[in-house]
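Step one of this worksheet: look at the structure below.
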Amino acid sequence: MKFTPIKLLTAVAIIFLASAFIKGDKPALHTIGDSTVRNSNKETWGWGTPIASLFDTTKIHVENNAMAGRSTRTFLSEGRWDKVLETLKPGDFVTMQFGHNDGSAPDTTKAGRRGVLRGTGEETKVLTWPDGNVETIHTYGWYIRKFVRETKAKGATPIVLSMIPRNIFKDGKVLRANNDFGKWAAEVAKEENAYFVDLNKITADKYDALGPDKVKRYFPGDHTHTNLEGAKVNAESVVEGIKELKDCNLKKYLRD
């Protein structure tokens, strides 16, 4: 069969539209977070990349929307969350893991531009930037709560995760986040009737069993960012947590 340019363009358009329809028809798993979820994929990796291989991608689309260097505050203020919301549809899933960049005191300096208020309450702090822009800062829990509620409003399923542990050991045990960001993530998930995966605990238990010397091989440059091997460990931890969630439909899209 001889294709004229018009016929060829028509055929390409049909294929493109069909593929878009198939992709759009599948549920999507969106991950949001910081560099521990999505990184440069060179020396350091986030777990949001290798986790795709643990799902049956013929049945679900995995979309890593995390961005290095972001906190809950900046993920929202930069419009990144709005872009995720635009694509969310009923039947989708959103995993949210923040905390590594949220800890500084919130202000308009380079050090404080990502910081949020501690806890889960309704406290606020109003900042005025040098250009006159006014920003209202909330608690860590407030931002997570916003992500959860707006995910649900779209008919999608929110899954809150505690942040992965850093490579910091004390007395032979890795330090955990169960007194701050991990605790607050769990509290918001419970209050909002959302799923919660204690990723911090699951991976920290593995680190404790391995010991400091073996865990060190996962961290090529600092105590926060893992190599691909470490990212795979964290991706597997996320899946282990998902498998334990009662009545969570995301489980049915996991590879056997």
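What is the percent carbon and sulfur in the accessible area of the chain, measuring with a 1.4 Å probe over the protein chains and ignoring ligands? Percent of accessible area from carbon and sulfur atoms in the chain: 54.
Quick one: dipole size for segment 101-153, taken about the Cα centre, charges +1 on Lys/Arg Cβ and -1 on Asp/Glu Cβ, in debye to the nearest 20.
Details: 9 positive and 7 negative charges, 45 e Å.
Value, rounded to 20: 220 debye.
Percent of C-alpha pairs per 10 Å bin in the chain, short distances first: 7, 29, 33, 19, 8, 3, 1, 0. Give me the distance between the Cα centres of segment 51-67 and segment 164-193, rounded to whole Å. That distance is 25 Å. Projecting the alpha carbon convex hull of segment 199-256 along each direction and taking the average yields 4.6 nm². Using the Karplus relation 6.51 cos²θ - 1.76 cosθ + 1.60 with θ = phi - 60°, the per-residue 3J(HN,Hα) values for segment 116-132 come to 10, 6, 7, x, 10, x, 9, 4, 9, 9, 9, 10, 10, 6, x, 7, x Hz, with x marking Gly and Pro. Taken per residue, the accessible surface of segment 151-248 reaches 48 Å², heavy atoms only and a 1.4 Å probe.
Set the Förster radius R0 to 25 Å, insert the Cβ-Cβ distance between Asp205 and Glu78 as r into 1/(1 + (r/R0)^6), and round the FRET efficiency to 0.05. Working shown, then result.
Values: r = 34 Å, r/R0 = 1.36.
It comes out at approximately 0.15.
Ranked by the mean number of other Cβ atoms within 10 Å of their residues, highest first, the peptides 82-92, 47-57, 155-165 fall in the order 155-165, 47-57, 82-92. In terms of overall dimensions, the C-alpha atoms belonging to segment 26-142 reach 48, 36, 27 Å along their principal axes, ordered largest to smallest. Axis angle, to the nearest 10 degrees, between helix 199-210 and the longest C-alpha principal axis of the chain: 70 degrees. When the Cα positions of Thr58, Tyr195, Leu250 are compared along the charge dipole of the chain, Thr58 comes out farthest toward the positive end, with charges on each C-beta of Lys, Arg, Asp and Glu.
Counted over the chain, the DSSP beta bridges are approximately 30% antiparallel. Relative to the longest principal axis of the Cα atoms of the chain, helix 228-243 runs at roughly 80 degrees. With the highest mean first, a sort of the peptides 30-39, 234-243, 100-109 on other beta-carbon atoms found within 10 angstrom per residue produces 30-39, 234-243, 100-109.
Amide H to amide H, with H built 1.01 Å from N, Ala28 comes under 5 Å of His61, Asp92, Phe93, counting only residues 5 or more places away or on other chains. The convex hull around the C-alpha trace of segment 121-256, projected and averaged over every direction, spans 11.4 square nanometres.
The values are calculated or read from the model by the stated rules, or taken from the named source; none is laboratory data. Treat the numbers as computed from the prediction; the structure is a model and nothing was measured. Here Cβ is always computed from backbone atoms with ideal geometry, including for glycine, and neighbour counts include all displayed protein chains. Heavy atoms of the whole protein, side chains included, go into the accessibility calculation; ligands, DNA and RNA do not. Shrake-Rupley method; radii C 1.70, N 1.55, O 1.52, S 1.80 Å.
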